[in-house]
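Notes follow the structure.
Only the coordinates and a few stated rules stand behind these numbers; no lab work does. Note that the coordinates shown come from a computational prediction; the quantities given were computed from them, not determined experimentally. Don't worry about glycine lacking a Cβ; one is built from the backbone with ideal geometry, like all the others, and counts go over all protein chains shown.
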Amino acid sequence: MAKKVTLYGIFTALAVIFGYIESLFSLSFIAPGIKLGLANAVCLILLLNGDVKGAFFVNTARIFLSALLFSSPFALLFSFAAGTVSLLAAFMISRLKSVTAVGFSIAGAAAHNLTQVFVAACVLGRGVWYYLPFLLAAAIVCGGTVGALSLIIFKKIKTNLK
């Protein structure tokens, strides 16, 4: 039990740090609001390890800590909804034997973007739906990159996660 608590603490800290570092380097030259999603790599590694509860714990802790430290309650609404749906989508797709980490990372990124547009539409109106195609295209690139990175890291550290 102590090893799991330690692992979750380390992974949560890494996810918060990755999220913060990522906020320093904008990808807005591609499209406003686009992020690579490096913090999600931590949760994907836990999913690859079969630790679904750990992935959801770390994801939730990261979202709340990041909002508390770097953001606002309004941003928490977007982040919590999108982060939860994203991880749920990645988990459900990961159950399919024919889908790799890259595939379920892309599914999670697409679900994240779809959820954020849905929440934004509820708050701001329907006009934000026109932005969805750009976000889904970015989800393929960013989700694929994070999925590939997660798989590489997982292969290097998986023996230490047991």
Taking the Cα-to-Cβ direction at I30 and at N160 and moving 7 Å from each Cα, how far apart do the two end points lie in nm? 2.8 nm
Chain lengthening between L88 and F134 when straightened (0.36 nm per residue, less Cα-Cα): 14.3 nm
Label point 7 Å beyond Cα of K3 along Cβ direction - residues of the stretch 42-61 with amide nitrogen under 14 Å: none
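How high is the relative contact order of the chain, in percent, with contacts defined as C-alpha pairs under 8 Å that are six or more residues apart? Please report the intermediate quantities before stating the final value.
Details: 206 pairs, mean separation 38.4, N = 162.
About 24 percent, as a whole number.
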Principal-axis tilt of helix 132-157 within the chain, Cα atoms, nearest 10 degrees: 10 degrees
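Starting from 0.36 nm per residue, how many nanometres of slack lie between V52 and V141 once their C-alpha separation is accounted for?
Values: separation 89, 0.36 × 89 = 32.04 nm, distance 2.43 nm.
This chain segment gains 29.6 nm when fully extended.
List the relative contact order of the stretch 1-77 as a percent without decimals, with contacts defined as Cα pairs under 8 Å and 6+ residues apart. Walk me through the numbers before you get to the answer.
Working: 63 pairs, mean separation 24.7, N = 77.
The normalised contact order for the stretch 1-77 reaches 32 percent.
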Nearest 10, in degrees from 0 to 90: the angle of helix 2-24 to the longest Cα principal axis of the chain is 30 degrees
Relative to the longest principal axis of the chain, what angle (0 to 90°, nearest 10) does the C-alpha long axis of helix 101-124 take? 40 degrees
Return the subset of K35/K97; K3/K53; K35/K156; K3/K158; K35/K155 for which the Cα-Cα distance in this structure is over 23 Å, preserving the input order. K35/K97; K35/K156; K35/K155
Let me know the charge dipole size of the chain about its Cα centre in debye, to the nearest 20, where only the beta-carbon of Lys, Arg (+1) and Asp, Glu (-1) is charged. 560 debye
